[in-house]
Each structure stands twice: as C-alpha cells, then as structure tokens.
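Peer 1: I'd like to ask you about the structure that follows.
The values are calculated or read from the model by the stated rules, or taken from the named source; none is laboratory data. What you are looking at is a predicted structure, and each value in this text was computed from that prediction instead of being measured. A quick note on method: Cβ atoms are made from the backbone with ideal geometry, for glycine too, and the neighbour counts reach across all protein chains shown.
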Amino acid sequence: MRTRGFPPSPVAAALTCLLVALAAVGDRPAGPPPPRGVTRTSAGAAAVLEDARTPFSMLAVTAPAGRGAQGGTYRVRARARASGAWSPWTVVEAGEPWWAGPSAGVEVRADGAGARLPAGLRLDLVDPGPGPAAGAEPAAYAVAGTAARPRIVPRAGWGAVENPGDPTVYGREVKAVFLHHTAQSNDYDCADSPAVVRGLQALHQRVNGWKDLGYNYVVDKCGTVFEGRAGGSGRPVTGAHTLGFNNDTLGVAVIGRYSDREAEPAATAAVARLAAWALGRYGYDPAGTVTLTASIDNGRSRAGERVTVERISGHRDVFTTECPGTALYGQLPAIRAQASDPVTGLVGGLVPPRRGR
C-alpha cells in the first residue's frame, strides 16, 4: 500500500468525516510512512499531474494550514489507467477522500469562477495495493449472539495492513452507535469496496497519523459490512470516529456521500442489523436513548459534559459537522425502527433490553 503526498501535518478539522473524527485516546502514528513521492501545488488556476509515478485509485486534497475550519472546495478529475480517458469533474471538500478508480493522472482546480488554488495545497494519492490472496481467508463470517447474525468481512478478507505491535484500546461495553458517511463518490462498483476500505485505512494512517482505520465498521451501498479497527469484531474496540465520544461507542461509516441522496436500502438494512447486534449484546434497545460523557473538549461539548442522544445517532448529534449527510441523517428514524424490529433485531437469547443510562 503506497501513499503519495507531504509528510503528515496538523490540519484544521473540515466538515467531513475523514478529518473531524480525530484520534482516539491512545492513537498515534503507525510508525514511519513508506517511501512516497510528493505532489505540491503552487498558486495558480490549476494543478495537473498528467502521469503519476505511482498509480493510484483514491485521492484527497488538503488545504494549507490557516484556511479555516472548512478549507474550501476543489474540483478534481482523474485519468483512467486503462483507457486514458478523463473522468467528469467532481467537487470535493478539503480533506475528503475521493475514489477515482485505477488512475494514472489527476487534475485539481479551485471551485468557483476565477478562483485560484492556494499555495501549499497538498494532494495525497493512494494506491490501495492488492487484495488478499484468493482462498487465504473466508470471505465473511457470521457473528454469534443474535438471531440477525450480521455477516461481516474480516480484516483479512479486505486486505488490512496489520501492526501487531500496536495495543488495542477497549471500552467496557457498546452504549451507542454513531453513523458516518465517508463523503466520497457514490458511483463506485461494489466489487471495489475492499480496495476503498484499504484506501481509507491508508489515509487514516498515513495522512491523519492514526494507528489504524478509525471506524469500527464500514458498510458499502450493497450492504456488505467490513470489520474496521483491529481488536476483534464483537468486542468494544475504541476507535477514532467521533471526537470526544469514542469510548464505549461504535463508529459505522457508509461508503459514499449522502448530503442530498439517501443511502440504498441494502446499506441502511445492514446498518440496522449491525446496530441491533452490537447494542443487543449488552441488552440495549436500539430505539432508546443514552447519556454519554464527553472525554475531551471537541468544540461543541466540554470535557465531562453529559449529553443525551439516541442509541443510534449521527455524527452531527455530538459534533459540529454535516456528517453523515442530511439525507442519511433523515433515514435514522427508519434505521432505529428496523433495528428494533423483532424479526431483524433483538430476538432470541439476549437479555431484556434496557433503556436510558
């Protein structure tokens, strides 16, 4: 897995799920980054990299420090590795990942008539690398403990980079599930989803400086669930997804941008099953509420402040962000209802659901 760009540097949080989550307690850079090229733009109307020295499939544009919380928006397009054709222009926010597919060239423009790119703009190009060898691991496994039995692709199944020297941080239980979107293209092929997850892991490690993928689970538009942060599916692993509220919660990200487009039924059904199982293992009703305590100041809540939210909430409920997108956020009531349904959610073998706390 190779990443190209500047060495990681502090970046103001943008209103996307990639950068606003920030690291969980105990997160640190995952060792020295691998050798990589550097693409630096200067002030001008456009930055064009016609022939990338390293082929890539995902990219992120990072605004220079001092550009403010949002960092601006940019128009990008990529040149396909196989055909040489340029893709349509796509508008991305600073710091947000964009899945371009196998590409060999990229062009970045400022978004807006007459706008110019700022000096010091950073462009990270990610090659997700090859997937796991065929037959090396089962494609998915079912997690016991719930009648819904969500099928989850294990880390080996999508080709995660493992770092056995990094200790996993655990909570005591799962009290809430926070829903995110990755804020990238919705037009990916589901066959590419494992590569998309590998790309997200690379960006979180090599750009954000985290030790691993921040989300506990990633769901694609076809409803496939991928195990995220290492530590064991079914255990209360502390991730880096919801700044100030990473402890005793799960971060679930749906691949795509859902600001004005609803997530596919297969994706929301998968989120509901996953949440029902994760909360049900501790006897919590997915339709209930919970009071959480902020672990640090996050710009919206102060350290030690108690906040009451739904058991299945959106990132925006506890942080100043648009995530998980207005359209997907509007689907949360239906997701909670589906997670609480006796057929798809809390049935058989679980302790009676508890409310509150």
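Peer 1: So, of the residues in the range 171-189 that are over 22 Å from VAL91 (Cα atoms) and either assigned by TED's automatic domain parsing to the domain that holds PHE56 or over 12 Å from the mean Cα position of the chain (by Cα) (or both), which turns out to be surrounded by the fewest Cβ atoms within 10 Å (Cβ to Cβ)? Reasoning before the result, please.
Peer 2: Start the filter on the range 171-189 by keeping residues that are over 22 Å from VAL91 (Cα atoms), which leaves 171-179.
So of that shortlist, the ones also either assigned by TED's automatic domain parsing to the domain that holds PHE56 or over 12 Å from the mean Cα position of the chain (by Cα) (or both) come out as 171-177.
Numbers: GLY171: 16, ARG172: 9, GLU173: 14, VAL174: 23, LYS175: 21, ALA176: 26, VAL177: 26.
Here the residue is ARG172.
Peer 1: Identify, from the list ASP297, ASP220, ASP260, the residue that is surrounded by fewer than 19 Cβ atoms within 10 Å (Cβ to Cβ) and touching a Ser or Thr at 6+ places or on another chain (Cβ under 9 Å).
Peer 2: Working: ASP297 fails: touching a Ser or Thr at 6+ places or on another chain (Cβ under 9 Å); ASP220 fails: surrounded by fewer than 19 Cβ atoms within 10 Å (Cβ to Cβ).
Result of the check over ASP297, ASP220, ASP260: ASP260.
Peer 1: When residues of the range 89-135 are filtered for being assigned to a loop (DSSP other than H, G, I, E, B) and either of a type outside the set (A, V, I, L, M, F, W, C) or over 21 Å from GLN205 (Cβ atoms) (or both), how many remain? Step through it out loud before you land on a result.
Peer 2: In the first step, residues of the range 89-135 are kept if they are assigned to a loop (DSSP other than H, G, I, E, B); the result is 89, 94-96, 111-116, 118-121, 128-135.
If we keep only those that are either of a type outside the set (A, V, I, L, M, F, W, C) or over 21 Å from GLN205 (Cβ atoms) (or both) as well, we get 89, 95-96, 111-116, 118-121, 128-135.
Residues in the range 89-135 being assigned to a loop (DSSP other than H, G, I, E, B) and either of a type outside the set (A, V, I, L, M, F, W, C) or over 21 Å from GLN205 (Cβ atoms) (or both): 21 in total.
Peer 1: Of the residues that sit in the range 223-238 and are at pLDDT below 95 and closer than 24 Å to GLU310 by Cβ, which one is surrounded by the fewest Cβ atoms within 10 Å (Cβ to Cβ)?
Peer 2: Among residues in the range 223-238 that are at pLDDT below 95 and closer than 24 Å to GLU310 by Cβ, the one surrounded by the fewest Cβ atoms within 10 Å (Cβ to Cβ) is ARG235.
Peer 1: Tell me, which strands (runs of 3 or more DSSP E) wholly within the range 210-262 include 3 or more residues that are touching a residue at least 60 places away in the same chain (Cβ under 8 Å) and assigned by TED's automatic domain parsing to the domain that holds THR321? Explain how you work it out, then say what you get.
Peer 2: Working: elements: 217-219, 225-227, 249-254.
Because the criterion is at least 3 residues that are touching a residue at least 60 places away in the same chain (Cβ under 8 Å) and assigned by TED's automatic domain parsing to the domain that holds THR321, the strands (runs of 3 or more DSSP E) in the range 210-262 that meet it are 225-227, 249-254.
Peer 1: Could you list, in sequence order, the residues of the range 189-209 that are part of a helix (DSSP H, G or I) and acidic (Asp, Glu)? Walk me through how you get there before you give the answer.
Peer 2: Residues of the range 189-209 part of a helix (DSSP H, G or I): 190-206.
The one that is part of a helix (DSSP H, G or I) and acidic (Asp, Glu): ASP192.
Peer 1: What residue, of ARG355, ARG336, ARG311, is closer than 22 Å to GLU173 by Cβ, modelled with pLDDT under 95 and in contact with an Asp or Glu (Cβ under 8 Å, 6 or more places away or on another chain)? It would help to see each step written out before you state the result.
Peer 2: Values: ARG336 fails: modelled with pLDDT under 95; ARG311 fails: modelled with pLDDT under 95.
Among ARG355, ARG336, ARG311, only ARG355 is closer than 22 Å to GLU173 by Cβ, modelled with pLDDT under 95 and in contact with an Asp or Glu (Cβ under 8 Å, 6 or more places away or on another chain).
Peer 1: For the range 99-120, indicate whether the set of residues that are hydrophobic (A, V, I, L, M, F, W, C), at pLDDT below 85 and either within 19 Å of the chain's Cα centre (by Cα) or closer than 30 Å to ASN247 by Cβ (or both) is non-empty.
Peer 2: Among the residues of the range 99-120, not one is hydrophobic (A, V, I, L, M, F, W, C), at pLDDT below 85 and either within 19 Å of the chain's Cα centre (by Cα) or closer than 30 Å to ASN247 by Cβ (or both), which makes the answer no.
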